[in-house]
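The values are calculated or read from the model by the stated rules, or taken from the named source; none is laboratory data. Nothing here was measured: the structure is a model prediction, and the numbers come from that model. Here the Cβ positions follow ideal geometry from the backbone for every residue, glycine too, while neighbour counts run over all protein chains shown. Heavy atoms of the whole protein, side chains included, go into the accessibility calculation; ligands, DNA and RNA do not. Shrake-Rupley method; radii C 1.70, N 1.55, O 1.52, S 1.80 Å.
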Amino acid sequence: DVKVTQSSRYLVKRTGEKVFLECVQDMDHENMFWYRQDPGLGLRLIYFSYDVKMKEKGDIPEGYSVSREKKERFSLILESASTNQTSMYLCASSLTGTGNTIYFGEGSWLTVV
Amino acid sequence: AQSVTQPDIHITVSEGASLELRCNYSYGATPYLFWYVQSPGQGLQLLLKYFSGDTLVQGIKGFEAEFKRSQSSFNLRKPSVHWSDAAEYFCAGGNTGGFKTIFGAGTRLFVKA
């Protein structure tokens, strides 16, 4: 089975802190994604990466950056956390190509106080 | 613009009753479509997907969905709901040949005894 592992399930950070959310997948997938999930808004794509060191902005990249130094690892970085970034963050991965299943991690609940 | 719409924010059904969750899509070309389920506090799990071919798709946990091009719909059905089906359900899709999968806002299913 594909496994996407998010290192932290629950985090509480202070406004202005730099936050790292880490994600690792074990199926050699080319594509990796970071989504944000908020009630009533569904999943919104923050960034995705289709190869090592490659990244593309999604729908809501403002306030976020990403890093993909190795194929299996994709990190989401909040340079200066703000309270409006309190949310559930989901990492996902898929093979390259059209229509491939996206596999999700269990999510990281981030609260910014 | 490409979109996936789930008209129902939440639905309540009695255990043992049939279920239909609605999903409408807006794509110019042949779409690929998914249904995912999210249990509380968890990531998303794939229930089924349509890429081409037979328009009635069977998935896990007794779910099925039917692709209807004339209605731009991909509704999820289950003949008899179990209490463990209570969860949030997401429809998602994209264009064949494209790279971006769009998620609907989700429908939360409540099951009453």
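Have a look at segment A:57-98 and report residues whose accessible surface goes down by 50 Å² or more when the remaining protein chains are included, against the chain on its own, probe 1.4 Å, ligands and DNA/RNA excluded.
Going by heavy-atom accessible area, the residues of segment A:57-98 that drop by at least 50 Å² are A:Thr98.
Keeping all protein chains in the complex and leaving out DNA, RNA and ligands, what accessible area do you get for B:Asp54 with a 1.4 Å probe, in Å² to the nearest 10?
110
Write down the percent of antiparallel bridges among all DSSP beta bridges whose residues are both part of chain B, to the nearest 5.
Values: 34 of 39 bridges.
Taking every DSSP beta bridge within chain B, about 85 percent pair in antiparallel fashion.
Can you tell me the FRET efficiency between A:Ser65 and B:Ser18 if r is taken as the Cβ-Cβ distance and R0 is 45 Å, rounded to the nearest 0.05?
Working: r = 46 Å, r/R0 = 1.03.
Step by step, r from the Cβ atoms, then E = 0.45.
What's the FRET efficiency of A:Ser80 with A:Tyr50 using the Cβ-Cβ distance as r and R₀ = 30 Å, to the nearest 0.05? Write out the running numbers ahead of the final one.
Numbers: r = 27 Å, r/R0 = 0.91.
Once rounded, the FRET efficiency stands at 0.65.
Residues of segment B:23-57 with amide nitrogen under 14 Å from the 7 Å Cα-to-Cβ point of A:Val113?
none
Quick query: amide H of A:Met27 versus all other amide H atoms, modeled in the peptide plane; which residues come in under 5 Å with a sequence gap of 5 or more or a different chain?
Amide H neighbours of A:Met27, under 5 Å, 5+ apart: A:Lys3.
How many nm is it between the label spots at B:Thr30 and A:Lys3, if each spot is 7 Å from the Cα in line with the beta carbon?
The answer from the label model is 3.7 nm.
I need the phi-derived Karplus couplings for segment A:74-84: 6.51 cos²θ - 1.76 cosθ + 1.60, θ = phi - 60°, integer Hz, Gly and Pro marked x.
Taking θ as phi minus 60°, the curve returns 9, 10, 10, 10, 9, 4, 8, 4, 10, 4, 6 Hz for segment A:74-84.
Would you mind computing, in nm to one decimal, how far apart the modelled labels at A:Asp26 and A:Glu106 are, each placed 7 Å from Cα along Cα→Cβ?
1.3
Excluding ligands, DNA and RNA, what is the solvent-accessible area per residue of the protein assembly as shown at a probe of 1.4 Å, expressed in Å²? Show your work: numbers first, answer last.
Working: 10800 Å² over 226 residues.
Roughly 48 Å² per residue, with all protein chains present.
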